[in-house]
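Just so it is clear, none of the values below were taken in a lab; they were calculated from the coordinates. Quick caveat: nothing in here was measured; it's all calculated off a predicted structure. Please note: Cβ atoms are built from the backbone with ideal geometry, for glycine as well, and neighbour counts cover all protein chains shown.
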Amino acid sequence: MNIGFLGTGGIAAPMVEALAGKGHDILVSERSAEVSARLAAQFAEVEIAPNDRVVADSEVIIACLMADVAPKVLPDLPFREGQKLISVMVDVSVEALHDLAAPVTDISVTIPMPFIGKGGCPLPVYPDTGSVQALFGAENIVLPVTSEAALNAHFAASALSSVVLAEMVTTADWLAGVTGGAAKAEAYVAALIAGYFKGMALDGSGEVKGLLDALSTEGGLNATLRDRMAGARNELTEGLDAFRPRLGLPDA
Ligand SMILES: NC(=O)c1ccc[n+]([C@@H]2O[C@H](COP(=O)([O-])OP(=O)(O)OC[C@H]3O[C@@H](n4cnc5c(N)ncnc54)[C@H](OP(=O)(O)O)[C@@H]3O)[C@@H](O)[C@H]2O)c1
């Protein structure tokens, strides 16, 4: 498959890594010079090209631009019938994509995470045209959703990632403040959290809730800290709700 990336930044790079070595020819925008040069040096099948060639020479185009850049860049590119477009961009609606990339009609939006290069990435997709599954389905978890609002709610939920990472950094910093060993503190916190999720059933069968219930002994350290931080969970819900107008979600 000939695959082209518009935008070669933080999320395009791991997507290229996910596709490399699988028999594809991959073009990447001549932007983010350091990233595109690294990808071209690392993978024989990756070539750097101007945006118009990325589009002209690709069967599938993956748009990894910021939302304010997309309307300035996409309309001038030589899209044609029969191509497929996958967008990973928040704040660019499916309707807008149809206008910006006309006459392409096979358009889907998905939400990759920076670890997609390692596989196991959940990929909500709307509308599901099959192209996300065809390119990424073998190593990742493609989750078709039934509406654009549902997809956008997943964009909101994906922001939990940095909240969890920030809590881990705070805990590691606190631990290092007592022990004096920053690297060992980070290693401990990383292994602690990774351990809980190793081998977890990813089928929504309630395992996360089960793990939490098992850490609820009254007066224990887990339940005590969690009770102390109940306000933070209210703030999390409020923060997610605050995305509703921006993402076109119904009121709570
Ligand atoms: N990062 C994530 O974890 C993540 C996850 C899911 C979805 N997304 C979505 O992915 C999109 C990109 O995010 P990102 O984090 O990858 O941002 P980023 O690192 O800033 O990447 C944006 C890329 O667009 C390039 N660009 C700017 N103007 C361009 C132009 N005229 N032609 C071609 N390329 C151009 C930038 O190049 P220069 O560096 O040269 O300006 C850069 O390579 C966003 O819409 C975001 O919502 C990101």
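General observations
- Estimated D of the stretch 108-252 in µm² per second, where Rh is the Kirkwood radius over Cα pairs and Stokes-Einstein applies at 37 °C, 0.692 mPa s: 184
- Most fluctuating residue given options Leu211, Leu143, Leu135, as computed from a GNM of the chain linking Cα atoms under 10 Å: Leu211
- Added length on full extension, which subtracts the Cα-Cα distance from 0.36 nm per residue, Asp99 to Lys22: 24.6 nm
- Each DSSP beta bridge with both residues in the chain is either parallel or antiparallel, and the antiparallel ones are about 10%.
- Here the chain has an Rg and Dmax of 20.8, 64 Å, counting Cα atoms alone.
- Computed over the chain, the per-residue total of -39500 (n - 2.57) for DSSP H runs of n ≥ 4 gives a 222 nm mean residue ellipticity of -13500 deg cm²/dmol, rounded to 500.
- Mean Kyte hydropathy of 1.0 or more with a Cα span along the axis of at least 20 Å, helices from DSSP in the chain: 160-179, 182-197
- Distance between modelled label sites at Ser161 and Ala194, nm, 7 Å Cα→Cβ extension: 1.7
- Principal axis analysis of the Cα atoms in the stretch 14-153 yields extents of 39, 35, 26 Å, listed in decreasing size.
- Lysine pairs with alpha-carbon atoms under 30 Å apart, the chain, spacing 8 or more or separate chains: 11
- Centroid-to-centroid separation of the stretch 162-213 and the stretch 1-74 [C-alpha atoms, Å]: 33
- Dipole in debye (nearest 20) - the chain, about Cα centre, beta carbon charges: Lys, Arg +1; Asp, Glu -1: 560
- Long-range amide H partners of Ile141 with built H, under 5 Å: Gly120, Cys121, Leu123
- Listed residues Ala101, Ala182, Ala13, most fluctuating in the chain (Gaussian network, C-alpha, under 10 Å): Ala182
- As a rough footprinting exposure proxy, the listed residues Cys121, Cys64 were ranked by other beta carbons within 10 Å of their own, and the order from fewest upward is Cys121, Cys64.
- Among 161-170, 105-114, the peptide with the highest mean count of other Cβ atoms within 10 Å heads the list, and the full ranking is 105-114, 161-170.
- Remark on Glu47: its backbone amide H falls under 5 Å from those of Ile26, Leu27, Val28, a criterion applied only to residues 5 or more positions apart or on other chains, H modelled at 1.01 Å from N.
- Estimated FRET transfer efficiency (Lys72, Glu218; beta-carbon r; R0 45 Å; 0.05): 0.20
- A simple spin-label model places pseudo-atoms 7 Å from Cα toward Cβ; at Ile141 and Ala56 they are separated by 4.2 nm.
- Computed extension length for Ala44-Asp128: 27.2 nm, one decimal, from 0.36 nm per residue of separation with the Cα-Cα distance subtracted.
- Distances between placed amide hydrogens fall under 5 Å for Val109 paired with Ser87, Tyr126, all partners being 5 or more residues away or on another chain.
- Rounded to whole numbers, the Karplus 3J(HN,Hα) couplings from phi for the stretch 55-61 are 6, 4, 9, 10, 7, 10, 10 Hz, using 6.51 cos²θ - 1.76 cosθ + 1.60 with θ = phi - 60°, and x at Gly and Pro.
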